[in-house]
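Report on the following structure.
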Amino acid sequence: MIVSAALNALLIGSFALVGLYLAWCIVKRGSRSVLDAVLFGIDTVSTMLGKTGSWAILILTFAMSYEVFSRYLLQSPTEWAFDVSYILYGALFMLAGPYALTRNAHVRGDFAYRSWKPRTQAGLDLVLYLLFFFPGILALCYAGYGFAAFSWMIGEHSSNSPNGPPVYHFKSLIPLVGGFMILQGVAEVVRCVQCLQTGQWPERLHDVEETEKLILEQAEAAQKGTA
C-alpha cells in the first residue's frame, strides 16, 4: 500500500503541476483564445520533457567514452556502464515521445501524406488517433503502471551487475510518459477538428525543424512561385 501510494503520489503530483501550468497559461494567454492557450501550454510541456530528456545524450556520451577508455586503455571495465546505457537511452526514448508528437516527427508515409489537402490529412489523422493511438497508449499506461508498481514493491535493482542500481524510479516513466502522450494526443485531436472546420492546420509552437523538412518547404514554395 505504501508503495502504491508513493507511485500514485508521483503520477498525481506530476499531472497536478501540469494542470496548474495550463491554468497559468490561460490567465496569461494575451491575445490567444482559451483553447489556443491550453494547446500551446500542452505543447510547451511536451517540449520541456523532450529537451530535458535530451541531456541524457550528453551524459550517455561521456559515460560510454569513459567506459571505452577504462576498458581498453586501463584494462579495468566499469560495473555500471551497461546499466547507465540502457537506463539513459530508455529515458531519452520515452521522454522524446510527447515532444516528437508535438513536432509531427513520428514515422509517417510523407511521400503521399504531404501531397494531400489539409482536410484530408486531418481526417486521416483523426481516425488513426481514435482507432490506434489512444487504445495503444491507454494499454501502455495500464500495463506500465502494474509493471512500475511491482518494481517499487520489490525494490527492484538491476541484475546486470553485482551492485546494480535501483530501476523502479526508471520504470515509473512508463505510465508517467504514457499520460503525457495522451495529453499531447488530445491536443492533436483538437487540432485535427480545427483543421476539418477551417481547411487549414492551426498554428503550432515554433521550435527547431529538421533540415529535410525545411528543404521540402522551400521546394514547394519555389514551385508555387513559378506556377
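The values are calculated or read from the model by the stated rules, or taken from the named source; none is laboratory data. Worth saying up front: this structure is predicted, and the values here are computed from it rather than measured. So basically every Cβ, Gly included, is an ideal-geometry build from the backbone, and we count neighbours across all protein chains shown.
Structure notes:
- Count of residues meeting criterion [aliphatic (A, V, I, L, M) and touching a residue at least 24 places away in the same chain (Cβ under 8 Å)] in the stretch 55-112: 16
- Residues located in the stretch 10-26, provided they are more than 21 Å from the chain's Cα centre (by Cα) and not aromatic (Phe, Trp, Tyr): 23, 26
- Under the condition of being touching an Asp or Glu at 6+ places or on another chain (Cβ under 9 Å) and farther than 18 Å from residue 47 by Cα, the residues counted in the stretch 76-106 number 7.
- Single match in 157, 169, 106 (criterion: surrounded by fewer than 18 Cβ atoms within 10 Å (Cβ to Cβ) and in contact with a Pro (Cβ under 7 Å, 6 or more places away or on another chain)): 157
- Flag set for residue 126, criterion: more than 14 Å from residue 179 (Cα to Cα), in contact with a helix residue (DSSP H, G or I) (Cβ under 9 Å, 6 or more places away or on another chain) and assigned to a helix (DSSP H, G or I).
- When 136, 164, 155, 146 are checked against the criterion of being of a type outside the set (A, V, I, L, M, F, W, C), over 25 Å from residue 57 (Cα atoms) and outside any helix (DSSP H, G or I), 155 stands alone in meeting it.
- The residues listed here are 38, 68; of these, the one that is closer than 30 Å to residue 125 by Cβ and hydrophobic (A, V, I, L, M, F, W, C) is 38.
- Residue match in the stretch 48-57 (condition: over 21 Å from residue 179 (Cβ atoms), touching a helix residue (DSSP H, G or I) at 6+ places or on another chain (Cβ under 8 Å) and among the aliphatic types (A, V, I, L, M)): yes
- Condition met for residue 131 (at pLDDT 90 or above and either surrounded by 13 or more Cβ atoms within 10 Å (Cβ to Cβ) or acidic (Asp, Glu) (or both)): no
- Inclusion of residue 178 among residues that are surrounded by fewer than 16 Cβ atoms within 10 Å (Cβ to Cβ), assigned to a helix (DSSP H, G or I), of a type outside the set (A, V, I, L, M) and at pLDDT 90 or above is not warranted.
- In the stretch 59-74, the residues that are exposed (fewer than 12 other Cβ atoms within 10 Å of the Cβ) and under 14 Å from residue 90 (Cα atoms): none
- Here residue 145 fits the description: touching a residue at least 12 places away in the same chain (Cβ under 8 Å) and not hydrophobic (A, V, I, L, M, F, W, C).
- Lone unmet requirement of (1) crowded, with 16+ Cβ neighbours inside 10 Å; (2) touching a residue at least 40 places away in the same chain (Cβ under 8 Å); (3) closer than 17 Å to residue 181 by Cβ for residue 41: (2)
- In the stretch 150-163 there is no residue matching the filter, namely being more than 15 Å from the chain's Cα centre (by Cα) and under 21 Å from residue 50 (Cβ atoms).
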